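Taking it in order: structure first as structure tokens, then the write-up.
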Amino acid sequence: MLNRRLLRTKAVQALYASQLSAEANRLLGIDQIDLAFAPDLNSMEYQDRPKLTRMKGMAVVTLDELIKDGKISLDNEAPSEVTKVSKRVFEAYNRQTIGDREKMVRRVLNETELIHVDFVRVLSLIMELAYQAQIDRQRTYEDPDAPFPKESGLDSNRVIEVLKQNEGLQEEIIRNGINWSNDMAVVRKTYKEAMKKDEKYIAYCKEKTHTEEEDQLLVQHILRQIILKHEVPLNFLEQRDLYWDDHSELIRSLAIKTLKSADSAETFQLSPLTKDWEEDRAFVEELFKIVIEEGDQYDRYLDEQLKNWELERIALVDLIIIKTALAELIHFPGIPVKVTINEFIEIAKRYSTPKSGKFVNGVLDVLSVKLANEGIIRKSGRGLIDNK
């Protein structure tokens with residue numbers, strides 16, 4: 001299974017995007033109400049602008065009732081013309097919002113699957129750098145102002161040979177459409193500005209022969225210190241993946257594990273993104289679905305807990321993080337309470353305000369005890385472990 005924090009983060013991202021989309025759909029609905037009650041400038045009849053303004057205001061209030069409760073309150077005294085417009089606008093809002101929710105979940109799941117593509121791209125970049133080393137070593141004329149040792153190079157490295165000869169990796173590169181022909185400037189600049197100035201690579205190139213361990217150490221060094229740290233390849237990778245900061249640690253781990261297996265063709269194994277993608281997908285989808293369905297109930301829990309606060313005053317990201325944590329606390333009995341709380345505290349620290357970690361911690365600590373005492377949170381199996 002993928003790192004659970006990454007999956008939790010994806011659920012939070014999908015919920016946040018869905019909330020923004022819903023608000024945008026609401027504003028579009030208000031625009032439709034404005035049009036419905038705008039003065040008809042082509043009409044010869046008198047246009048009662050104050051009345052139209054009042055009707056527009058009532059329609060917006062009615063729309064918000066429908067969005068919040070799914071029905072119009074009994075004390076709503078809006079005339080039938082207003083309720084008719086509000087219901088029509090709400091139906092359009094609802095269709096669009098439901099569709100957007102599905103799109104947001106698909107998008108974050110697709111982004112997660114693309115981590116594998118970025119991982120393969122990193123391995124491909126290492127091989128492209130080896131090809132640049134080969135071209136450099138084959139040059140007949142050496143630059144007298146900047147001589148570079150050519151006793152060996154990345155192209156003669158055993159690990160690189162294993163990568164180049166592995167049919168599975170080559171098929172993955174082709175299948176994922178990874179081609180450096182349009183980005184050779186990145187490859188050449190990385191080789192020239194990073195590798196050829198790297199002391200460990202220079203020392204490696206001065207020696208004609210190397211042990212298996214030395215070959216492995218060099219490739220690991222190029223991965224860790226050049227590809228994943230030097231500004232040229234790093235800027236390129238960040239532009240390809242808007243969530244590189246979220247994904248880079250997993251990509252690094254997959255690449256390291258794969259390279260360590262490449263001491264020989266017999267031991268080589270391309271690390272899979274996850275052992276069970278369907279389980280990972282289901283975890284994100286379930287968290288998302290629960291928060292959407294139970295969000296109003298979670299608001300009531302928070303209203304009771306934060307009596308001196310209005311929910312509108314809480315940062316939207318914090319509110320979504322807390323609700324997602326509540327969904328996991330209540331509906332995933334096999335996950336210990338402390339694990340859930342600690343994970344969402346870390347997500348709050350990373351993605352919200354500087355004070356969000358403490359705020360989320362305080363709210364979840366109290367609510368988890370309260371809901372457990374009420375029998376709403378019930379743990380079983382590994383979920384009973386108290387991770388203090």
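Only the coordinates and a few stated rules stand behind these numbers; no lab work does. Being a predicted model, the structure only gives us computed values, none of them experimental. Backbone-built Cβ (ideal geometry, glycine too); neighbour counts: all protein chains shown.
Annotation for the stretch 61-107 versus the stretch 317-388: alpha-carbon center distance of 31 Å. Normalising the average separation of contacting C-alpha pairs (under 8 angstrom, six or more residues apart) by the number of residues puts the relative contact order of the stretch 273-388 at 28 percent. Of the peptides 158-167, 232-241, the ranking by mean beta-carbon count within 10 Å, highest at the top, reads 158-167, 232-241. Between helix 80-138 and the chain there is an angle of about 10 degrees, using the helix long axis and the longest principal axis of the Cα atoms.
Working ranking of peptides 351-364, 293-306 by packing, defined as the average number of other Cβ atoms within 10 Å per residue, highest first, is 351-364, 293-306. Ordering VAL363, ILE330, ALA315 by Cα displacement along the dipole of the stretch 277-384 toward the positive end leaves VAL363 in first place; charges were set at the Cβ atoms of Lys, Arg (+1) and Asp, Glu (-1). Rounded to whole numbers, the Karplus 3J(HN,Hα) couplings from phi for the stretch 254-268 are 5, 5, 4, 4, 5, 5, 5, 7, 8, 5, 8, 5, 6, 9, 5 Hz, using 6.51 cos²θ - 1.76 cosθ + 1.60 with θ = phi - 60°, and x at Gly and Pro. The length gained by stretching the chain between TRP244 and THR267 to full extension, at 0.36 nm per residue less their Cα-Cα distance, is 5.4 nm.
Charged side chains reduced to their Cβ positions (Lys and Arg at +1, Asp and Glu at -1) give the stretch 304-388 a dipole of some 220 debye around its Cα centre. Assign unit charges at the C-beta atoms only (+1 for Lys and Arg, -1 for Asp and Glu), then state the dipole size of the stretch 114-260 relative to its Cα centre in Debye, rounded to the nearest 20. So the dipole magnitude of the stretch 114-260 works out to roughly 140 debye. 3J(HN,Hα) along the stretch 235-249, derived from phi through the Karplus expression 6.51 cos²θ - 1.76 cosθ + 1.60 where θ = phi - 60°, amounts to 4, 4, 5, 5, 5, 6, 9, 4, 10, 4, 4, 6, 8, 4, 5 Hz, with x in place of Gly and Pro. Kirkwood radius, the stretch 4-107, all distinct C-alpha pairs, inverse of mean reciprocal distance: 15.3 Å. Ranked by the mean number of other Cβ atoms within 10 Å per residue, highest first, peptides 172-184, 7-19, 130-142 order as 7-19, 130-142, 172-184. With the convex hull of its Cα atoms as the shape, the stretch 114-260 has an orientation-averaged projected area of 8.7 nm². Between the residues VAL12, GLY70, VAL89, the greatest Cα displacement towards the positive end of the dipole of the stretch 4-107, with unit charges on the Cβ of Lys, Arg, Asp and Glu, is found for VAL12. Each stretch of four or more DSSP H residues adds -39500 (n - 2.57); spread over every residue of the chain, this sum gives -23000 deg cm²/dmol at 222 nm. Taking Cα centre as origin and charging only the Cβ of basic (Lys, Arg, +1) and acidic (Asp, Glu, -1) residues, the dipole magnitude of the chain rounds to 500 debye.
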